[in-house]
Amino acid sequence: MNPILRNILAVVVGWLAGSAVNMGLVQTGHKLFPIMGIDPNDMSALAAIMPTLDFKYFIFPFLAHAFGTLTGALIAGLIAASHKMIFSLSIGVLFLIGGIAVNYMLPGPTWFAVTDIVLAYLPMAWLGGKIALKISGK
């Protein structure tokens, strides 16, 4: 396969796979820790209640962001024809932009926003890239 097409495919497949993991974990969190009286699809209701929620409601969103990024970065690194770490980190940047946007749309506690932005995206993308390099023997 053409290396340029393979690198584009790496980003697209990594982003889609990471997004699937992210959404699966978010939905699991809503099932395990439902917010009584709130429809998890109602963004305005979620935005209103977010600052009042306990720690347990933020476990799965953090795990979703971290493992979604890790999965996407790992897959992008495995598929990429060259510069595997750069493609893994690009997934981290895409997810970081999404994470910043979500933190503006659904403002939660400051401790969560800082933890999420600092730990869930670029460090997990770097780890995914390292694992991809190790697996691919480079």
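So if each residue of separation counts as 0.36 nm, and I subtract the Cα-Cα distance between I135 and M23, what length gain in nm does that give? Mind dumping the intermediate values first?
On the way: separation 112, 0.36 × 112 = 40.32 nm, distance 2.60 nm.
Full extension from I135 to M23 adds 37.7 nm.
Against the longest alpha carbon principal axis of the chain, how many degrees, from 0 to 90 and to the nearest 10, is the axis of helix 110-119 turned?
10 degrees
Counting only pairs 8 or more residues apart or on different chains, how many lysine pairs in the chain have their Cα atoms under 17 Å apart? Can you show the working numbers first?
Values: K31/K56; K84/K130; K84/K134; K84/K138; K130/K138.
Counting lysine pairs in the chain gives 5.
Tell me the label-point distance for the pair L32, V13, using the 7 Å Cα-to-Cβ offset, in nm and rounded to one decimal.
Placing both labels 7 Å along Cα→Cβ, they lie 2.9 nm apart.
With no solvent and one equal point scatterer placed on each C-alpha of segment 80-134, evaluate the Debye formula and give log10 I(q)/I(0) for q = 0.13, 0.26 Å⁻¹, two decimals.
Those come out to -0.36, -0.92, one per q.
For F60, F87, which order do you get if you count the other beta carbons within 10 Å of each Cβ and list the fewest first? Present the calculation step by step, with values, prior to reporting the outcome.
Numbers: F60 18, F87 26.
With the sparsest Cβ surroundings first, the list reads F60, F87.
What percent do you get for the relative contact order of segment 3-136 when only Cα pairs under 8 Å and 6+ apart count? Present the calculation step by step, with values, prior to reporting the outcome.
On the way: 204 pairs, mean separation 45.9, N = 134.
Relative contact order comes out at 34 percent.
If the elastic network links every pair of Cα atoms under 10 Å, which of M50, M105, M36 fluctuates the most in the Gaussian network model of the chain?
M36
Place a point 7 Å from the Cα of D39 along the Cα-to-Cβ direction; which residues of segment 84-114 have their backbone N under 19 Å from it?
The answer is 106.
Pairing the Cα long axis of helix 122-136 with the longest principal axis of the chain, what angle in degrees results, from 0 to 90 and rounded to the nearest 10?
30 degrees
Pick from W15, W126, W111: which residue has the top mean-square fluctuation in a GNM of the chain where Cα pairs under 10 Å get a spring?
Maximum among the listed residues: W111.
Residue by residue through segment 5-10, what is 3J(HN,Hα) from phi via Karplus (6.51 cos²θ - 1.76 cosθ + 1.60, θ = phi - 60°)? Round to whole Hz and write x for glycine and proline.
5, 5, 5, 5, 4, 4
Could you work out [θ]222 nm for the chain from helices alone, using -39500 (n - 2.57) per DSSP H run of at least four and dividing by all its residues? Round to the nearest 500 deg cm²/dmol. Write out the running numbers ahead of the final one.
Values: 6 runs with 105 residues, N = 138.
When only DSSP H runs of four or more count, the value is -25500 deg cm²/dmol.
Taking 7 Å along the Cα-to-C-beta vector as the label spot, tell me the A47-M1 distance in nanometres, rounded to one decimal.
Taking the simple label geometry, A47 and M1 are separated by 3.9 nm.
Mind checking which of G99, A66, S136 is farthest towards the positive end of segment 3-136's charge dipole, using Cβ charges of +1 (Lys, Arg) and -1 (Asp, Glu) about the Cα centre?
S136
Against the 2.2 N^0.38 Å scaling, with N counting residues, where does segment 3-136 land? I'd like the Cα-based Rg ratio to two decimal places.
1.10
FYI, it's all coordinate maths here, none of it is from the lab. Values in this document were obtained by computation on a predicted structure and should not be read as measured data. Backbone-built Cβ (ideal geometry, glycine too); neighbour counts: all protein chains shown.
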